[in-house]
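First comes the structure, then the notes that go with it.
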Amino acid sequence: MALHEIYAARDIGRFSRAVVEHDRVLQRAGHANHAMFLQKAAARFARDFVPNWENDVRAWKSWGYATTCNAVSREAGGQAGIEACRAMAARVSQLSDALVNEVEGKALSLFASSFGRHSRAAECRNGMIRIAKVCRDESGILEELNSQSLGLLVNGFSKWPQESTPRQATLAIAAEICRRARQLSDFPSQNLSTLVNGFSKWAEPNARQALTAIAGEVLRRSRRRNVWLSDFGHQELSNMVNGFAKWPEDCRGALVAIASEVSHRAGVPDARFSAFTSQGLANLVNGFCKCPEEEVFCQATVAIAGEVLRRNRRARLSEFTQQEMANLVNGFSKWPQEAAS
C-alpha cells in the first residue's frame, strides 16, 4: 500500500504527504521495510519531481519538496536518499533572486536541516549557501519564521562553521532571537535546545547574546517550582549544558538550574534517569565541571557517576566512545572523593 501510494501520486503534494505519512508509520512500528520504502521514494523523487522544481515553486508548492527531502535524506534513505538530497540542493543553489522569494521560509529551514546531514557534498554546501544568503539579506523572512524553523536554520548552518555566509546568516538569526527575547517563554523546550545547540558552534558576540537570552529563559522556567524543568527531555538538557558551558559565566544560572534538575531526576524512580544516552551523560559532566566550585554541579556529577557504575554492572560501558569516557574521567577528576563514593 505504501509503495502503491507513492507510485500512484502524480503531483508533489500527494507524493510528499504519502512519503511523510508512511515514513512516520513505518518508523514508529520498526517495520523491516522502512528503509526500502524511503529509498524507493528517494529514487522516484529525484527522477520524477526534482526536475519540475522550478515550475512547482512558481505554483507555491515548495513545501512538499522540503518535507520529502527531509524524510529521504535521513540515514534510512541510504545512498538513494543522499543522491536525492544532492539533486535537490543543486536545484536550490541555482534559484534566481526572484524565484527564491517564492519559496516558503519554513521550506528553506527544512532544506537547511536536510542539506546539513550531508555537509561534505558540494551540492549541499552550495544549496546551504543560497539559503544562508536569503536569510542574511532578507530580514522579513526571519521575522515570519517560528522558533522551530529558526532552530532548524541555525543547526543546519552550524554544519559549515568555516563558511562566512552561514556565519553571517546565523548572526542575523541571533539578532532576531534577541529581538524576540520577551517571547522566548512561548518557545517549546525542544526548540530552545535546538537553538542553543546551533548558536554554541559560533564564537561571535551576537551568538553569545542570543545564547545568554535563552539561558535567562531557562532560568525563569526553573523557578516555577511546580514543574522545575520537567518539560525538557533528557537530550534537550544535555544539549543545553553542552551549549551553555561555552560561556559558563554568562549562563551560570541556567547551568545551576539544569544541574538541580539532573539531581532531582536521579532521585525519582520514574524519571527514567537511565534513559540518558552515553553522549548525554558525557556532555552533562563535561559542562558541569566548568564550574567545580559550585556544590550543585558536584551533586549532579555524583548522580551521573552512580549511573555510570550501574551501567558498568550491566556490562554497558561499551556504549561510551573513547571521547565520552575521556569527558567523564576529566569531569569526575574535579571531585575525586565525591565521585568515587
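Below, the figures for the structure above:
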item: Filtered residues of segment 23-63 (kept if within 21 Å of the chain's Cα centre (by Cα) and crowded, with 18+ Cβ neighbours inside 10 Å); result: Asp23
item: Lone qualifier among Phe232, Phe297 - being of a type in the set (Phe, Trp, Tyr), touching a Phe, Trp or Tyr at 6+ places or on another chain (Cβ under 7 Å) and assigned by TED's automatic domain parsing to the domain that holds Trp202; result: Phe297
item: Search result, residues across segment 136-169 that are over 19 Å from Lys201 (Cβ atoms) and part of a helix (DSSP H, G or I); result: Asp137, Ser139, Gly140, Ile141, Glu143, Glu144
item: Ala90, sole failed condition from (1) closer than 18 Å to Asn70 by Cα; (2) of a type in the set (A, V, I, L, M); (3) crowded, with 20+ Cβ neighbours inside 10 Å; result: (3)
item: All positions within segment 140-170 that are closer than 23 Å to Asn239 by Cα, more than 15 Å from the chain's Cα centre (by Cα) and surrounded by 20 or more Cβ atoms within 10 Å (Cβ to Cβ); result: Leu145, Pro166, Arg167, Ala169
item: Single condition Ala207 does not satisfy, out of (1) aliphatic (A, V, I, L, M); (2) crowded, with 20+ Cβ neighbours inside 10 Å; (3) not in a helix (DSSP H, G or I); result: (3)
item: Segment 126-169, residues that are without any contact (Cβ under 8 Å) to a residue 40 or more places away in the chain and in contact with a Ser or Thr (Cβ under 7 Å, 6 or more places away or on another chain); result: Asn126, Gly127, Ile129, Arg130, Ala132, Lys133, Arg136
item: Hey, Asp137 within 20 Å of Trp160 (Cβ to Cβ), modelled with pLDDT under 95 and surrounded by fewer than 19 Cβ atoms within 10 Å (Cβ to Cβ) or not; result: yes
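The values are calculated or read from the model by the stated rules, or taken from the named source; none is laboratory data. Small disclaimer: the values here were computed from a predicted structure and weren't measured. All Cβ positions, even for glycine, are placed from backbone atoms using ideal geometry, and neighbour counts span all protein chains on display.
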